[in-house]
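As structure tokens, the structure follows; a few thoughts come after it.
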Amino acid sequence: MSTIAPLIDVHNLVTRFGAQTVHDGVCLTVNRGEIVGLVGGSGAGKSVLLRAILGLGRYTGGTIRLFGHN
């Protein structure tokens, strides 16, 4: 039996800009075949989260793994 790693695995993500905390302990797992919608109000941190997952933005703490790799 083989274990397939999640496509996206975010664990305890923390994102801060100076004194402003955008994310504090965000966890998200997206497995193969899943479709996920990310919704929230203006300024909720949706784009900041996606930029961190794609490697385009910095985050303060936690881990992000794509296809089983950091």
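The values are calculated or read from the model by the stated rules, or taken from the named source; none is laboratory data. Everything quoted here is computed from the prediction, not taken from an experiment. Note: ideal-geometry Cβ built from the backbone for every residue, glycine included; neighbour counts use all protein chains shown. Calculation scope for accessible area: heavy atoms of the full protein, side chains included, ligands and nucleic acids excluded. Shrake-Rupley method; radii C 1.70, N 1.55, O 1.52, S 1.80 Å.
Points to keep in mind about this one:
- If you go through segment 22-36 and pick out every residue that is open to solvent by 60 Å² or more (accessible area, probe 1.4 Å) and over 13 Å from Arg65 (Cβ atoms), you end up with 6.
- Contact map, segment 20-31: residues that are over 15 Å from Tyr59 (Cα atoms) paired with residues that are open to solvent by 70 Å² or more (accessible area, probe 1.4 Å), Cβ distance under 6 Å, separation 6+ or inter-chain. Pairs shown: Val30/Val36.
- For Val48: the one exception among (1) touching a His at 6+ places or on another chain (Cβ under 9 Å); (2) closer than 29 Å to Thr3 by Cα: (2)
- The set of residues from segment 37-70 being open to solvent by less than 80 Å² (accessible area, probe 1.4 Å), of a type in the set (A, V, I, L, M, F, W, C) and in a loop (DSSP other than H, G, I, E, B) comprises just one member, Ala44.
- All conditions in (1) under 21 Å from Thr3 (Cβ atoms); (2) touching a residue at least 24 places away in the same chain (Cβ under 8 Å) hold for Tyr59, with the sole exception of (1).
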